[in-house]
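Take a look at the structure below.
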Amino acid sequence: MSESGIELKLEDGMRIAHWFISDFSLAGSCIVAGSIRRLKKIVHDVDIVLTSDMVSNRMRGQMMDCPAVEIKKWGEKLAAITYRHSPIDLYFSTPATFYTLLLIRTGSTKNNIRLASIAKRRGWKLHASGDGEFNENGERIAGDSEQSIYEALAVPWQELWEQG
């Protein structure tokens, strides 16, 4: 069982994510990540990567006014909330960080460690913050898509359900 103590069937996690996105008019500006995106049968929370243009005082105010939401933490890059008794982690990105952050937040942890280790062996750095992948000279060489990171590392692309 996870730290949250919550176990949801995939379908229930998908339903919670759909309701949340619909309730706060986020369609088109976010992607559900984590174990839901990897189609795991059991999920422990809902991870959503949002573009920073959606992160506004208005959105936070809407959530504060919603009886189905409890804001546990609200920071510049992350919000941890409970929505309809289910934990949701919101990750705030910029256009430049969106796809790397989506890759990292989709996981799995094992896959992230594998990719970061391959980068490190080359003298590169894959930033978990979403900044992208940088070579030994500090130049950003990948991160405009999830596939670009795999390509730069010369690692075959894995479908989401193969990522652990």
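Read-outs throughout are calculated quantities, based only on the coordinates presented, and are distinct from any laboratory measurement. Only a predicted model underlies this, so the values are computations on that prediction, with no experimental measurement involved. All Cβ positions, glycine included, derive from the backbone under ideal geometry; neighbour counts span all protein chains shown.
What length, rounded to one decimal in nm, is gained on full extension from residue 140 through to residue 66, with 0.36 nm per residue of separation minus their alpha-carbon distance?
Between residue 140 and residue 66, full extension yields an extra 22.6 nm.
What lysines could a cross-link reach from residue 41, if we take a straight Cα to Cα line under 21 Å and drop same-chain neighbours fewer than 8 places away?
Cα-Cα hits under 21 Å: 9, 110.
Using θ = phi - 60° and the Karplus curve 6.51 cos²θ - 1.76 cosθ + 1.60, what whole-Hz ³J(HN,Hα) does each residue of the stretch 34-45 get, with Gly and Pro shown as x?
These are the phi-based 3J(HN,Hα) values: x, 5, 5, 5, 7, 6, 6, 5, 10, 10, 10, 6 Hz.
Rounded to whole Hz and in sequence order, give me ³J(HN,Hα) for the stretch 154-160 from the Karplus expression 6.51 cos²θ - 1.76 cosθ + 1.60, θ = phi - 60°, writing x for Gly and Pro.
6, 10, x, 4, 10, 5, 4
Tell me the label-point distance for the pair residue 39, residue 22, using the 7 Å Cα-to-Cβ offset, in nm and rounded to one decimal.
Placing both labels 7 Å along Cα→Cβ, they lie 2.3 nm apart.
What 222 nm value per residue comes from the helices of the chain, counting each DSSP H run with n ≥ 4 as -39,500 (n - 2.57) and dividing by all residues, nearest 500 deg cm²/dmol?
Estimated from H runs of four or more residues: -10000 deg cm²/dmol.
Please report the antiparallel percentage of DSSP beta bridges with both residues in the stretch 38-113, rounded to the nearest 5.
Antiparallel bridges make up about 65 percent of those DSSP assigns within the stretch 38-113.
Among (1) 12.2; (2) 10.3; (3) 9.4, which is the computed mean projected area of the Cα convex hull in nm²?
Of the listed options (1) 12.2; (2) 10.3; (3) 9.4, (3) comes from this structure.
What aspartates and glutamates does residue 73 reach when the alpha-carbon gap must be under 14 Å and sequence neighbours fewer than 8 apart in one chain are set aside?
89
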